[in-house]
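Structure record follows, encoded as structure tokens.
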Amino acid sequence: MENVLRPLIVVGGSVVLTLLIGWAVDRVLRKADARHEETSLWGLLRRARVPFQLVLFAALLRGSYDQAKLLVEHRVGVGRTLTLILIGSAAWLVIRIATAIVETSYTRYANAHRDPARVRRVRTQVTLIQRVVSAIVAVVAVASMLLTFPAMRAAGASLLASAGILGIVAGVAAQSTLANLFAGLQIAFGDMVRLGDTVVVDGEWGSVEEITLTFLTVRTWDERRITMPVSYFTSKPFENWSRGTPQMTGIVFFHVDHSAPVEAMREQLRDILRECPAWDGRDYGLAVTDSTPNTMQVRALVTAKDADDIWTVRVTVRERMIRWLTDVHPYALPRVNTAEAILPLHWPNGRPHRPDHDDTDGAITAPTTPLTPDPPRTGPGRG
């Protein structure tokens, strides 16, 4: 009877005690969260209740397992398994607590500062710091698990003796990985690119969706994701439209006929922008910037508060201006003359037109045939 009750009391007592302590801690965190609504720390710490209970159960069972007298012949294996569970759950708990603290700090900073650029910069740094901490904790946890095996402890001395050679070989083999790792840290603390920034990379326009220590993901306007190593952003040029201030200036080009009413187009641009919610009202303008034998180029300049709004303003101006020209001034649209040229009957100075004249510059060329027949020539020496 004792062989049955002893394991039942030890295991059952560990489970009951774990549940009671976990319930009590969760209740305390819930009350603290309700009392301190200005911070989200206590609510985020409640997410760690599962790894906390797992750590508590593994610790209680590991400490009282010898008293259970259960599976005595496998006592070493069971004890090592419980130790591995304890180490893994402890690492999980540390990562959850660190995440809660980091998220709370970022939330306070975001609420205290209204500058979107600074908030995105801090968010990028916080995200990468969180990933670094998680990676360090995971490495330490795995190393601790391996050191619980006697064979691994014996191999540790030889591994340390050859650490110099292994470091050189690993550095050469993982050169690109290390380059991306340091590039990720440089991006995080160098403020080169941040989460949410609008960038143009290899001709693709999009926003930065994710930054890790090794790669960066750009979400394009058509919902595609471009993933590239972070070392690209430290070695090649790229456009960052969110750098500094998010305000932008956009340009819309029109090719119209030389007879287009430029002043009326300028007034129409003003009316279009007044009805466009995306225009920030800072500036606008319209001017003739180029001319060709068939058309002239008109440039409309508009402004907006960010990259998304500048796109909306540009397409709105382009669409409504072309529609207005088509309805009100159709002659202002560019035309291609496919008819044959009609030569004038008389010159502007009243001279009769002659086929032997050059119609372009008025120069006279040698006649190919006489206009009137020459009179008969008579006299000495002429026949």
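Considering each residue of the range 316-327 in turn, none proves to be modelled with pLDDT under 90 and buried (at least 18 other Cβ atoms within 10 Å of the Cβ). Does Leu185 count as of a type in the set (A, V, I, L, M), touching a helix residue (DSSP H, G or I) at 6+ places or on another chain (Cβ under 9 Å) and at pLDDT 90 or above? The answer is no for Leu185.
Taking the conditions exactly as written (basic (Lys, Arg), at pLDDT 70 or above, on the phi < 0 side of the Ramachandran plot and not assigned by TED's automatic domain parsing to the domain that holds Val78), does Arg224 satisfy them or not? Don't jump to the end; show me each part of the working.
Numbers: basic (Lys, Arg): yes; at pLDDT 70 or above: yes; on the phi < 0 side of the Ramachandran plot: yes; not assigned by TED's automatic domain parsing to the domain that holds Val78: yes.
So Arg224 passes the test.
Test Val102 against the criterion of being buried (at least 18 other Cβ atoms within 10 Å of the Cβ) and of a type outside the set (D, E, K, R), and give yes or no. Spell out the reasoning first.
Numbers: buried (at least 18 other Cβ atoms within 10 Å of the Cβ): no; of a type outside the set (D, E, K, R): yes.
Considered against the rule, which asks whether it is buried (at least 18 other Cβ atoms within 10 Å of the Cβ) and of a type outside the set (D, E, K, R), Val102 comes out as no.
Suppose we keep only residues that are among the hydroxyl-bearing types (Ser, Thr, Tyr) and assigned to a helix (DSSP H, G or I) within the range 131-150. Which one would you say is farthest from Glu210 (Cα to Cα)?
For the range 131-150, the residue satisfying everything is Ser144.
Residues of the range 277-308 that are crowded, with 18+ Cβ neighbours inside 10 Å, of a type in the set (A, V, I, L, M, F, W, C), under 21 Å from Trp205 (Cβ atoms) and touching a residue at least 40 places away in the same chain (Cβ under 8 Å): Ala300, Val302, Ala304, Ala307.
The values are calculated or read from the model by the stated rules, or taken from the named source; none is laboratory data. Being a predicted model, the structure only gives us computed values, none of them experimental. Reconstructed Cβ throughout: ideal geometry from the backbone, glycine too, with neighbour counts over all protein chains shown.
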